[in-house]
Amino acid sequence: MTQTALIVGASRGIGLGLVGEFERRGWEVTGTARDPAKASALNDVANNSGGRVNVAVVDTADAQSVAALRDKLDGHTFDLIVVNAGVGGPQANPRTVSDEEFSHLFITNSLAPVRFAEIFLKQVKPHGGVIGLMTSQLGSVEGASAGGIELYRASKAALN
């Protein structure tokens, strides 16, 4: 039986790498992007996969977008769901960042992955299925030995 994965946030970086690796191992993969028209590398993987990779749209910080993906994938179950989507956020000094920038960063990196996992829990295979939420070593309180990107670090610590 073919294994299936949903990789959320697959337009570049780790998410794109996961899509490619699972496809090479024979899995059927759905990779998501906020804007598939701008996800040329993901589209290339899909176009060269012989139908094993599909591209779908979702913005995890937008409840309507998540609901639309849930409806589109209704009836599908996955062996693995990885919620990798996130944003780097503002690089500004935390004292000068706007409330809107701060809210977007924390909603996207901390709250949205948990909400997404809850909404898609029933679409994970009941025996052996896994949901993973991608975080970062930068979110480690103990391992935070270098300064910089404090807001991003805090958003990942919140997810942890």
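How many nm is it between the label spots at L121 and A67, if each spot is 7 Å from the Cα in line with the beta carbon?
2.0
Using per-residue counts of other Cβ atoms within 10 Å, averaged over each peptide, order 122-134, 98-110 from highest down.
98-110, 122-134
Give the accessible surface of the chain per residue, rounded to a whole number of Å², with probe radius 1.4 Å and ligands, DNA and RNA excluded.
56
Please compute the modelled spin-label separation between K38 and E101, points set 7 Å along Cα→Cβ, answer in nm with one decimal.
1.8
Please work out how much accessible surface D71 shows to a 1.4 Å probe, ignoring ligands, DNA and RNA, in Å² rounded to 10.
100
First check a/c for segment 45-92, with a ≥ b ≥ c the square roots of the eigenvalues of its C-alpha gyration tensor; if it is under 1.5, answer rounded, and if not, answer prolate when a/b is larger than b/c or oblate otherwise.
Judged from the Cα gyration tensor, segment 45-92 comes out oblate (a/c at least 1.5, b/c at or above a/b).
As a test of the formula, what do you get for the chain when each DSSP H run with n ≥ 4 contributes -39,500 (n - 2.57) and the sum is divided by the residue count, at 222 nm and rounded to the nearest 500 deg cm²/dmol?
Computed mean residue ellipticity for the chain: -10500 deg cm²/dmol.
Answer with one residue from H76, A61, I149: the one whose Cα lies farthest towards the positive end of the charge dipole of the chain, charges on Cβ with Lys, Arg +1 and Asp, Glu -1.
Result: H76.
Is the C-alpha gyration tensor of segment 20-160 telling us rounded, prolate or oblate? Criteria: a/c under 1.5 is rounded; beyond that, a/b larger than b/c is prolate, otherwise oblate.
Prolate, because a/c is 1.5 or more and a/b exceeds b/c.
Accessible surface of R70 in the full protein assembly, 1.4 angstrom probe, to the nearest 10 Å²?
Around 90 Å² of this residue is reachable by solvent.
In the full protein assembly as shown, how much of L73 is accessible to a 1.4 Å probe, in Å² to the nearest 10?
10
I'd like the carbon and sulfur percentage of the solvent accessible area for segment 1-150, probe radius 1.4 Å, heavy atoms only, ligands and nucleic acids excluded.
Carbon-and-sulfur percentage of accessible area, whole number: 52.
Would you rank T77, T30 by solvent-accessible area, highest first, keeping every protein chain in place and using a 1.4 Å probe?
In descending accessible area the options line up as T77, T30.
The values are calculated or read from the model by the stated rules, or taken from the named source; none is laboratory data. Since the model is a prediction, treat every value here as computed from it, not as a measurement. Glycine gets a Cβ as well: all are built from the backbone with ideal geometry, and neighbour counts include every protein chain shown. These accessible areas exclude ligands, DNA and RNA; they are computed on the full protein's heavy atoms, side chains included. Shrake-Rupley method; radii C 1.70, N 1.55, O 1.52, S 1.80 Å.
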